[in-house]
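Everything on this sheet refers to the single structure shown next.
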Amino acid sequence: MLDIAAFVMICLSAVYFIMPAYIANISGLAFGGTTPIDFGKKFADCRRIIGDGVTWKGLVFGTITGTLIGAIEGVLIWDPVYGLVVGFLLSFGALLGDAAGSFIKRRLGIGKGKPAPILDQLDFIAGALLLALLYTTIAIEVIIIIAVLTFIIHIISNIIAYLIGIKDVWY
Ligand SMILES: CC(C)=CCC/C(C)=C/CC/C(C)=C/CC/C(C)=C/COC[C@@H](COP(=O)(O)O)OC/C=C(\C)CC/C=C(\C)CC/C=C(\C)CCC=C(C)C
Ligand SMILES: Nc1ccn([C@@H]2O[C@H](COP(=O)(O)OP(=O)(O)OP(=O)(O)O)[C@@H](O)[C@H]2O)c(=O)n1
Ligand SMILES: [Mg+2]
């Protein structure tokens, strides 16, 4: 029989683990803007390489805040060095994943800010986990739980962000 308490504990520890990526993603929105990382350049298909939604400020500040959260988590529960390294990889990876998601959207002809279900919710998590896997092991069950929870949490967060006026769209 499924042990509910154990399942909740796994979910909580999965959210604790992925928190630097969440904070990096929110910080990209909160502190981003101005110069896009593709410097406005176009790809071979004459569309933008990545687009105006992915900026250097968002990349740098998102990585810094996410890494800080990882460092704090390391001091609180993990190991300080582990927290710093994993925090950096999850945060930087999240923002690279977000940029890769935008790159794919542009190649598919999807304009900036237009929806790409699943990609919009999970691009940053894929980047975060891929980079973190270079340094640490993550059980496949934990990866699945993170993907499912993030899908739900991302949609709820974006609806909240839309309702409080910090995002123009709810997705
Ligand atoms: C229990 C379950 C399954 C869900 C609960 C989800 C919930 C209540 C979420 C609320 C999160 C929150 C407080 C948001 C604040 C509003 C805000 C500033 C939103 C900004 O969102 C921006 C968005 C931009 O994304 P995009 O650029 O990719 O479009 O970023 C999405 C944000 C996240 C994916 C991370 C949000 C997570 C946190 C703020 C950390 C807190 C985490 C929880 C409350 C989840 C706890 C859940 C469990 C199961 C323990
Ligand atoms: N590295 C980043 C990531 C995000 N943002 C900011 O956060 C907003 C929301 O990010 P996201 O939803 O990922 O971008 P979209 O505007 O939807 O663009 P795209 O269609 O390319 O995903 C962006 O518009 C941008 O203002 C940023 O400046 N720099
Ligand atoms: Mg995006």
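The values are calculated or read from the model by the stated rules, or taken from the named source; none is laboratory data. As the structure is a prediction and not an experimental result, all values here were calculated from the model. Counting neighbours? That spans all protein chains shown, and the Cβs are built from the backbone with ideal geometry, glycine included. For accessibility, only protein heavy atoms count, side chains too; no ligands or nucleic acids. Shrake-Rupley method; radii C 1.70, N 1.55, O 1.52, S 1.80 Å.
With every atom except the alpha carbons ignored, what do you get for Rg and Dmax of the chain, in angstroms?
Cα-based Rg and Dmax for the chain come out at 16.3, 56 Å.
Measure out, as a whole number of angstrom, how far apart the alpha-carbon centroids of the range 105-149 and the range 1-25 sit.
Comparing the Cα centres of the range 105-149 and the range 1-25, I get a distance of 16 Å.
Keeping the other protein chains in place, figure out the carbon and sulfur percent of the accessible area of the range 4-163, with a 1.4 Å probe.
Numbers: 6550 of 8410 Å².
For the range 4-163, the apolar C and S fraction of the accessible surface comes to 78 percent.
Binning at 10 Å from 0, report for the range 1-67 what percent of all alpha-carbon pair distances ends up in each bin.
The calculated distribution, bin by bin, is 22, 29, 23, 15, 9, 2.
Computed FRET efficiency, Cβ-Cβ of LYS42 and THR137, R0 35 Å: what is it to the nearest 0.05?
Details: r = 40 Å, r/R0 = 1.14.
E between LYS42 and THR137, to the nearest 0.05, is 0.30.
Counting Lys and Arg as +1 and Asp and Glu as -1, each charge on the Cβ, what is the dipole of the range 15-127 about the Cα centre in debye, to the nearest 20?
Numbers: 10 positive and 8 negative charges, 133 e Å.
In debye, rounded to 20, the range 15-127 gives about 640.
For the chain, what is the relative contact order in percent, using Cα pairs closer than 8 Å and at least 6 residues apart in sequence? Numbers along the way, then the final one.
On the way: 268 pairs, mean separation 35.5, N = 171.
Reported as a whole number, the value is 21 percent.
Which of GLY111, GLY51, GLY70 moves the most in a Gaussian network model of the chain with Cα springs under 10 Å?
Residue with maximal mean-square fluctuation among GLY111, GLY51, GLY70: GLY111.
If I build a Gaussian network model for the chain, linking alpha-carbon pairs within less than 10 angstrom, which residue out of ALA44, ALA21, ALA99 has the largest mean-square fluctuation?
Residue with maximal mean-square fluctuation among ALA44, ALA21, ALA99: ALA44.
Counting only heavy atoms of protein chains, what accessible area per residue, in Å², does the chain have with a probe of 1.4 Å? Could you put the intermediate results ahead of the total?
Numbers: 9540 Å² over 171 residues.
For the chain, the per-residue accessible area is 56 Å².
If the cut-off is 19 Å between C-alpha atoms, which lysines fall inside it for LYS57, apart from same-chain ones fewer than 8 positions away?
LYS41, LYS112, LYS167
Before rounding to the nearest 500, sum -39500 (n - 2.57) across all DSSP H runs of length at least 4 in the chain and divide by the residue total; then give [θ] at 222 nm in deg cm²/dmol.
Working: 5 runs with 115 residues, N = 171.
So the helix-based figure for the chain works out to -23500 deg cm²/dmol.
Suppose the chain between LEU12 and LYS57 were pulled fully straight at 0.36 nm per residue; how much longer would it get relative to their current alpha carbon spacing?
Values: separation 45, 0.36 × 45 = 16.20 nm, distance 3.03 nm.
13.2 nm is the gain from fully extending LEU12 to LYS57.
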